[in-house]
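The values are calculated or read from the model by the stated rules, or taken from the named source; none is laboratory data. Predicted, not measured: the structure shown is a model, and the values here were computed from it. Positions of Cβ are generated from backbone atoms using ideal geometry, with glycine treated the same way; all protein chains shown enter the neighbour counts.
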Amino acid sequence: MSITLYHHPFSRASTVVWMLEEVGVPYELRWVDMMKGEQKSPELVAKNPMGKLPTITDGDVVVTENAAISLYLADRYAAGRLAPAIDDPQRGTYYRWSMFAPSVIEPGLIAKANKWEFKPGQVGWGTHEHMIDAMESAIAGKDFILGTQFSIADVIFGGTVRFMLRFGTLEARPAFTAYNERLAQRPALQKAEARNAAIIAERGLGK
């Protein structure tokens, strides 16, 4: 049974298309018209009570949240290729930076954009400057999160870096731009971007 991704190209589900292309398993995209609020439909809320994208079904299994979907797909369908073996010490680094994107970078960006007032020691993302420095340390002197080996952690973390560079919310340090260029060479990413772009054109979303 193929995987179904509830999808809109202007949501985080667009990155899940990249994940699926990297894993290389059959999948179906199920259009969700976010402009009409279809992500809050009874069908989707029954699967994801948050009423948000991305949501995938894999047979009877339902998985939500970008990082969780990535880790699930890699462990189930690409273990040893896109995910380190369970007993591999690299697993720690893999988990660390996979979780850093949603738990530190995303709230840190929202905090900066909205000029929240807080004490850095009381929030998980600390100061914006320390967060950016930590991001750079994850890839400094390396091709990918795990060194020379690409993993699904690079889709999670790298997808966030790409988004931030695209919208100018991340300083274009050489480590970030070079990493972004390496990711852009991934055939799976190119296929995913083409598929998302085709849906944008088909649905007239770029107008």
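Take A13 and decide whether it is under 19 Å from W97 (Cα atoms) and among the small types (G, A, S). No. If the condition is being under 18 Å from L20 (Cβ atoms), of a type outside the set (A, V, I, L, M, F, W, C) and either in contact with a strand residue (DSSP E or B) (Cβ under 9 Å, 6 or more places away or on another chain) or part of a loop (DSSP other than H, G, I, E, B) (or both), then segment 170-191 contributes only R186. Look at D154 and say whether it is touching a strand residue (DSSP E or B) at 6+ places or on another chain (Cβ under 7 Å), part of a helix (DSSP H, G or I) and either closer than 24 Å to Y94 by Cα or outside the structural domain of A68 (by TED's automatic domain parsing) (or both). Judged against the criteria, D154 is a match.
Reported count of residues in segment 94-104, each being touching a residue at least 24 places away in the same chain (Cβ under 8 Å), touching a Gly at 6+ places or on another chain (Cβ under 9 Å) and surrounded by fewer than 21 Cβ atoms within 10 Å (Cβ to Cβ), is 1. Counting the residues of segment 94-124 that are acidic (D, E) and under 20 Å from the mean Cα position of the chain (by Cα) gives 1. The residues of segment 192-207 that are assigned to a loop (DSSP other than H, G, I, E, B) and either closer than 25 Å to V25 by Cβ or charged (D, E, K, R) (or both), listed by number, are R203, K207. For segment 145-187, taking the residues that are of a type in the set (S, T, Y) and within 14 Å of the chain's Cα centre (by Cα), the one that is surrounded by the most Cβ atoms within 10 Å (Cβ to Cβ) is identified as S151. Consider segment 157-169 and keep the residues that are without any contact (Cβ under 8 Å) to a residue 12 or more places away in the chain and in a helix (DSSP H, G or I). The one that is farthest from Y72 (Cα to Cα) is R166. All of (1) surrounded by fewer than 17 Cβ atoms within 10 Å (Cβ to Cβ); (2) touching a residue at least 12 places away in the same chain (Cβ under 8 Å); (3) touching a strand residue (DSSP E or B) at 6+ places or on another chain (Cβ under 7 Å) hold for R76 with one exception: (3).
Among the residues of segment 105-144, those identified as exposed (fewer than 14 other Cβ atoms within 10 Å of the Cβ), of a type in the set (D, E) and assigned to a helix (DSSP H, G or I) are E129, D133.
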